[in-house]
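Contents: one structure, followed by commentary.
The values are calculated or read from the model by the stated rules, or taken from the named source; none is laboratory data. Being a predicted model, the structure only gives us computed values, none of them experimental. Here the Cβ positions follow ideal geometry from the backbone for every residue, glycine too, while neighbour counts run over all protein chains shown. These accessible areas exclude ligands, DNA and RNA; they are computed on the full protein's heavy atoms, side chains included. Shrake-Rupley method; radii C 1.70, N 1.55, O 1.52, S 1.80 Å.
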Amino acid sequence: MYIIVDDRESVTNSYVGGLVREGVSSIGFSSGEFWDWLQSASESDLAAVDAFLLGDCDARGSLPRAMRKRSAAPIIAMSGQKMLKNTLELFESGVDDVVHVPIHLREILARTAAIARRRVGELPRPCETRIQVFFNGRDPEIAGHALTLPRRELRILEYMVSNHGKWITKTQIFNAVYGIFESTFDESVIESHVSKLRKKLRDRLGFDAIVARRYVGYRLNIPAGETIDVPMQELDEVGILLNRAHAAPAAYPAGN
């Protein structure tokens, strides 16, 4: 889940709508609303945050350090001023990255993934030698060939790859996919998503990559030495990696 903090409601609505279209849950706050939420949020709610996007607000200079006290999620400042002084001030305030708007949301997703990789180290997880996930909306690859997934199944796979080998609960997955403020859907919808994803991975990998345990949750478990046999007919069908189609590569403005 991405949290956008900006005192301009039109801007937060624009980013939230764009992220939802990319299959990423998000919510927008004004700086005052966000401060109140940050002080009262539970550890489980904070753990569901993928990144904070910090826009134009009066408290932008002090919020990053307050965020860091409660969460390790990447903090990305979105600036409409391409001035060195402004950029340096934002980094000094404690943000992890500064982007200049307008910017495509896929670039923000990619930057978030890059920050997370640097924090955990560059060595690939065992599963990443079998499944390559890009964390930017692009279809994952198995044995060098694209596996086209609906956006929510892709988000679940991304979350499982990020937590490879760990047991994760249905609630954790739901929060990562739908967000902690979602009330339209029930957590049971995760069972259907995981079941479909599990079958697709099994068909492509040749073994069950997702382990399910009642009352415990799910775990992505791909042994480092496991091999993948790709059927010959599949090699003929798959030519090049195709990104998920979009009507237009829209850039999301900063509300100028």
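Scan the range 170-220 for residues that are of a type in the set (S, T, N, Q) and part of a loop (DSSP other than H, G, I, E, B) and the total you get is 3.
How many residues are closer than 12 Å to I180 by Cβ and not polar (S, T, N, Q) when one looks only at the range 25-42?
Number satisfying all stated conditions: 3.
Within the range 1-24, restricting attention to residues that are open to solvent by 30 Å² or more (accessible area, probe 1.4 Å) and more than 18 Å from I180 (Cα to Cα), the residue that is nearest to the chain's Cα centre (by Cα) is S14.
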